[in-house]
Amino acid sequence: MEKKQVTALGGVNYRKLLVDNNSAVILLILLVVGVFGIDKFIKTFPSVVVQASLYGLLAVGLGLVMITGNIDLSVGYQAGLAAVVTVMVLNATGSLAIAVVAALAAGALCGVLNGFVVTQIGVSPLIATIATNYIFKGLTYAKTSTGSYSPTDNSLKDTLKALYDFKVVDGSKFMTLTVLIVAVIFILLLFVLRKTRYGNSVYITGDNVEAGEYAGIHTKRVAMITYILCGILCALAGVFMASRSGGAQYTQGDGMDVLAVSICVIGGIKMTGGKGTMVHVLMGLFIMRIITNILNLVRVEATYMDLTSGILLIAVLIIDRFTSRKKA
Amino acid sequence: MIEKNSISVAKDPRSPLKKFMGISGSGVFIALIIWIVLVCILSPIVNPAGNGFNVATNIISVLKQQTYIGIVACALTLVIITGNIDLSVGSMLTLTACVCASLVQYGFAAAVFGTILVGALLGLVNGILVSGLQLNSFITTLGTGSIYGSFAIIYCSGGSIVPPSLAAFEFLGKGSVGIIPMPVIILAVVVAIFAFVLMKTVFGQRLYVIGANPVAARYSGISARRDMALTYVFTGAAVGLAAVIMVANVMSAKPQAASGKEMEIIMAVVLGGTSIMGGKGTILGTVLGFAFIGFLANGSTALGLNQYLQWVIMGIILVAALSADIMKEKGVVLPWKKSK
Amino acid sequence: MGERKTFITLDGIIKLFPGVKALDGVSFDIQEGEVHSLCGENGAGKSTLIKVMTGAHRRDSGHYLIDGNEVDFHNTQEAIALGVSCVYQELSIAPQLDVAKNLFIGNLPMNGPLVDHKTLYAKAKEILAELDMPVSPKTIAGELSVGQQQMIEIGRALTRNARLIIMDEPTSSLSEKEADTLFSIIRKLQAKNIAIVYISHKLDEVLELSDRITVIRDGKNIISMDKADCTKETLIAHMIGRSLENLYQKEPAEIGKQVLEVKNLTRKGVFQDVSFTLKAGEIVGFFGLVGAGRSEIMRAIFGVDKYQSGEVVVDGKKLRGGSPAQSIAAGIGFCTEDRKQEGLALRLSILLNMTLVKLPLLSTLGVINKQKQREAADEYMKSISIKAPSVTQLVGNLSGGNQQKVVVAKWLMINPKVLIVDEPTRGIDVGSKSEIYGLLSNLAKSGMAIIVVSSEIEEIMGICDDVVTICEGRLTGRVKITESLSRETVLAAALGVTGGMADTDNGGEVG
């Protein structure tokens, strides 16, 4: 009862490629529809890229955690908390640089908390991060309960906003500092996951923990680091969000966890771990943002976005279920 | 020569304290008592301007406040015991509330039973997707949650629905029998029903097996798929009932009514000792769970605490409770206690 | 062939577990480049010995020397570093990663701080070539066949410069062709001076491959022989040896009418044309090697697995198959092979586990009669003497023997017409074993038809009326157990050796 031997030396198994990357297909379809069918699509694309960069940070962080087979539902409020910290420290020290560092440190701490509870104590990541989410949410809301929490000094506020608006290439509509930094991070992580020993360990931890342990890999440590990285990335997102709005907003974290998970799953990151790359996250990100943009342009209410993402999620699951059955 | 089995199981050697701690939900119970005592002592000191903390009247108000969460949490307990989850309950509640409000004009039966039926159908969709198609329950219900939430907004055309006055209906939400409000009575009935189903029926006991070891369940002739789907249907029906009470109480329904509530409901269930892995949990534990969350909010108000600090405290207590639970189960030895 | 150097020596190894002396002074040495096989029945101590060698267990006393130096491994990593690798029956492959990354798991070739992909795939290619695998190193491991995945594990050992590769039942899931490939690779490994410790029940293989064979029984090594001095018969004789005190309390039972008929049951690649009948009061043993397909046949009869053709008829009623619930209703009970994974919910109480199948009968309109449930459980607790403080005790806390009793009780409660027990005494102490045998005997006396699937010859010969042998998915014979029936005959039939076993059903010689 021998399985067919797969010799991928010469030809590429196109069918398999397609099935593995159904998100690419969806993205392609969306782009075609957008470019040829929707008015102003190309014109608004740069702003899509800029907005995507923020959510991209959250999704990338979450993606890292998901590859190891875990999850983090507190991403939204880690970002929110970081935004609050940014403003707080900015008010206290007047230095944006210190504020940013403080925010990133706060994010790392959040990551340490999550990582500790999940990997060291062993609480299920789902409920562990729902619980920590309350802590982050509470802290965030405590400061922004009035609606937003802005720098006291107007000049500080301007400094803050300048970060987001800063255009690396003058005149370019989408080459902002934010986009640049996110792109760099994205490429960096792509590189780390593929070319470093740690990156490989991340995949092994998600694919078969026992095999990893047996081979001498410290899987708990590997997973812990993904949580810390996620925390830092969320914090960076929070800094940019604060910058964009000139302060920390009240409802910033709301619904972001669902969004981030949707991006990852639709993009092709598996819940069970061990599979998926930053490219998948990117595809999921663009799928979601392009759909939002298209819906906007066609003057459809925002609620249809939720509807679409929900349907897409389930569709992706079903496609997955039936294609993996065929393999077996 | 092989010796006689040296593992002697003659008497349960655990001390009474350990036995008590082994009961699901005992941790929350203790935490609850400690909290109430703390609040009673501290509130006149910390917040003399406040109304003080009268335990008796507060129990009722807490229960009334937690009715919707409580009803759904009971049903969700069944889902989690089988090893699944349902993240769509918040949106389901919103949607069924909107539907309910629009059904009131057709009379009591339509408003009440129609809504429950709608809820059950929504739950059935979840059930078919999760156990019929064998999809991951987390992502699936995340997806259906988004879908139901959108339906709610579309159904209400963005605004809110205000039902016409209907005395019998409103009584469910606003009335009371003696000093006990109707919602609390309904909650009590629901708790009793679910506790009964879980502990005393074949269906309920089988759920534990499905969650603890689905393979063994199969070998014992249990139809896991059908039973799992049923838990989702019950959850939907429970959501429908909660929606009825909610609408009857405020006599309006708007699309943002219950977003985000699913996390609180899940927390209530898990706090009560129900394991997210499945196979373990009780309705009593769930009751203690949502009561505790309710008292947290209530007591914090009495202590004059910022609403948001409540969340922080709740989060910290949750993490502590979950950690303690896992450490108890895995028998984790504290590093400083390790011998050798 | 010149003198082979002995480089690993184990001397007087003792390993104790609570209540069991798994290894009682085992001595064993390994020469470079040899294939040294380890033979013994289930429970003889082979896997414990392997675990001591690979560092998974620490010995309690005795010497373990590699290249003349005493070693004491705290974990498997230390053993791997000194060249001792093992390919287990349960493979540890990361299915979504490619072959190269599986080969070099935890051991990636580095170029400074970065992974050296060029070297990785080049080296992987080399190893694949050495293993005669026409597979690209970029192939996803999960897509390979079991045989190929096993090769990857062997390849992994090669990447760690293994000097000894232990193989535990390597051919149990392989096809004949894949097994041949494995053998040629083993020859290649030998040429590289790598020693192989080969553990297998398949004596033909063992005799063909090995340079030396060591037989282990009851935690002691009985004999180490050169291949030349060995025949199958002598091997079997050493493996079986003297039996323990009479555990088996088989009393004669009255044989009634036919309750089960299995006709031409076939599942492609797993079992073919299986046919037999079973009468009330009979205890029939199904004997075969690991991988022969016995459990698969039983699972198909019970309805957990499907089958492609054939019939299962219980008391005249044909089962439609694929439904455990229907089989249970028809009167079949099934104590599975792996009680922890398939038979019990360890987190739950004895009460629930035991009454699980009978539950509908202990209730009215779906509501459980708690008192009846409790009484039923208490009754069985007593009658099969399950040692626990009360029925509310969690099953996970019980000893193996008591756990098995709970499983058996679960089925007895519904009073099945046919009870299938698969490896009923696996991992159980002698005292409980004896009790279970007595129980089975009594059940047969009361009219139950019982099928005992087992890989322990003695067990089958001790408690069964007839024994059916299965070899590679086919029924190779059925014979009544009498004083004159020798164990060797039965073992030989299970190993597919021709001649010797008359088929009482068909009345002729079986080939």
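Side notes on the structure shown:
- Rounded to the nearest 10 degrees, the angle from helix A:278-297 to the longest Cα principal axis of chain A is 60 degrees.
- Taking both sides together, the accessible area buried where C meets B is about 2900 Å² for a 1.4 Å probe.
- Reciprocal mean inverse distance between Cα atoms of region A:14-327 - Kirkwood radius, Å: 20.0 Å
- Using a Förster distance of 35 Å, the FRET efficiency for residue A:157-residue B:37 (Cβ separation, nearest 0.05): 0.15
- Most mobile of A:294, A:232, A:263 in a GNM of chain A (Cα contacts under 10 Å): A:294
- Sequentially through region C:337-346, phi angles give Karplus couplings (6.51, -1.76, 1.60; θ = phi - 60°) of 5, 10, 5, 6, 8, 10, x, 9, 9, 5 Hz, Gly and Pro residues having no value and appearing as x.
- Inter-chain Cβ neighbour average for residues C:389-402, partner chain, 10 Å: 2
- Cα-derived Rg over Rh, computed across region C:6-240 with Rh taken as Kirkwood radius: 0.98
- Cα-based shape type of region C:244-337, given that a ≥ b ≥ c are square roots of the gyration tensor eigenvalues and the cut on a/c is 1.5: oblate
- When a 1.4 Å probe is rolled over the protein heavy atoms, the share of accessible surface on region B:131-274 that falls to carbon and sulfur comes to 67 percent.
- Couplings for region C:389-397, taken from phi via the Karplus curve 6.51 cos²θ - 1.76 cosθ + 1.60 with θ = phi - 60°, read x, 6, 5, 7, 4, 6, 4, x, 8 Hz in order; Gly and Pro are left as x.
- Candidates A:166, A:186, A:240, ranked by Gaussian network fluctuation over chain A, Cα under 10 Å, top entry: A:166
- Of every Cα-Cα pair in chain C, the percent that sits beyond 45 Å: 19 percent
- Accessible surface of region A:14-327, 1.4 Å probe: 66 percent of it comes from carbon and sulfur atoms.
- Kirkwood-type radius of region C:1-135, with distances r between different C-alpha atoms, in Å: 17.5 Å
- Net charge, residue A:119 excluded, C-beta distance under 9 Å - Lys, Arg +1, Asp, Glu -1: +2
- For q = 0.30 Å⁻¹, Debye-computed log10 I/I(0) when each Cα of region C:29-80 counts as one equal scatterer: -1.25
- For region C:356-478, the extents of the C-alpha atoms along the principal axes are 48, 31, 27 Å, listed from largest to smallest.
- Reachable aspartates and glutamates, given that their alpha-carbon falls under 19 Å from the alpha-carbon of residue C:138 and they are not under 8 places away in the same chain: A:20, A:207, C:98, C:116, C:126, C:130, C:153
- Normalised per residue, the accessible area of chain C is 39 Å², obtained with a 1.4 Å probe and no contribution from ligands, DNA or RNA.
- Calculated from backbone phi, Karplus (6.51, -1.76, 1.60) coupling profile of region A:305-320 in Hz, x at Gly/Pro: 5, 4, 4, 4, 5, x, 5, 4, 3, 5, 4, 4, 4, 5, 4, 4
- Distant alpha-carbon pairs in the protein assembly as shown (separation over 61 angstrom), percent: 17 percent
- In a simple Cβ point-charge model (Lys, Arg +1; Asp, Glu -1; nothing else charged), region C:6-240 has a dipole of about 520 debye relative to its Cα centre.
- In chain A the longest region clear of trypsin sites (Lys or Arg not before Pro) that are loop-assigned by DSSP and have at most 15 other C-beta atoms within 10 Å covers A:41-172.
- Taking amide H positions as modeled 1.01 Å from N, with prolines and chain starts lacking one, the residues under 5 Å from residue C:217 and 5 or more places away or on another chain are C:222.
- Summary of the geometry: region B:246-308 and region C:1-64, compared by the centres of their Cα atoms, lie 58 Å apart.
- Site pair residue B:226 and residue B:328 shows an inter-label distance of 3.6 nm when each label is modelled 7 Å from Cα along Cα→Cβ.
- Debye log10 I(q)/I(0) at q = 0.08, 0.09, 0.10, 0.14 Å⁻¹ for region C:258-509, Cα point scatterers: -0.31, -0.39, -0.48, -0.93
- Distance distribution note for region B:132-242: the fraction of Cα pairs above 21 angstrom is 58%.
- Rounded to the nearest 20 debye, the dipole magnitude of the protein assembly as shown is 2640 debye, with +1 charges on Lys and Arg beta carbons, -1 on Asp and Glu beta carbons, and the Cα centre as origin.
- Max mean-square fluctuation residue, GNM over chain B, Cα-Cα springs under 10 Å, options B:221, B:114, B:145: B:221
- Between residue B:309 and residue C:390, the modelled labels are 4.5 nm apart [label points 7 Å from Cα along Cα→Cβ].
- Nearest-0.05 FRET efficiency for residue C:325 and residue C:264, computed from C-beta distance (R0 25 Å): 0.55
- Rounded to the nearest 0.05, the FRET efficiency derived from the C-beta distance between residue C:177 and residue C:3 at R0 = 45 Å is 0.80.
- 5 angstrom amide H check on residue C:476, placed H, neighbours 5+ away: C:469, C:470, C:471
The values are calculated or read from the model by the stated rules, or taken from the named source; none is laboratory data. As the structure is a prediction and not an experimental result, all values here were calculated from the model. Every residue, glycine among them, receives a Cβ derived from its backbone with ideal geometry; neighbour counts consider all protein chains shown. Note: accessible area is taken over every heavy atom of the protein model, side chains too, but ligands, DNA and RNA are not part of it. Shrake-Rupley method; radii C 1.70, N 1.55, O 1.52, S 1.80 Å.
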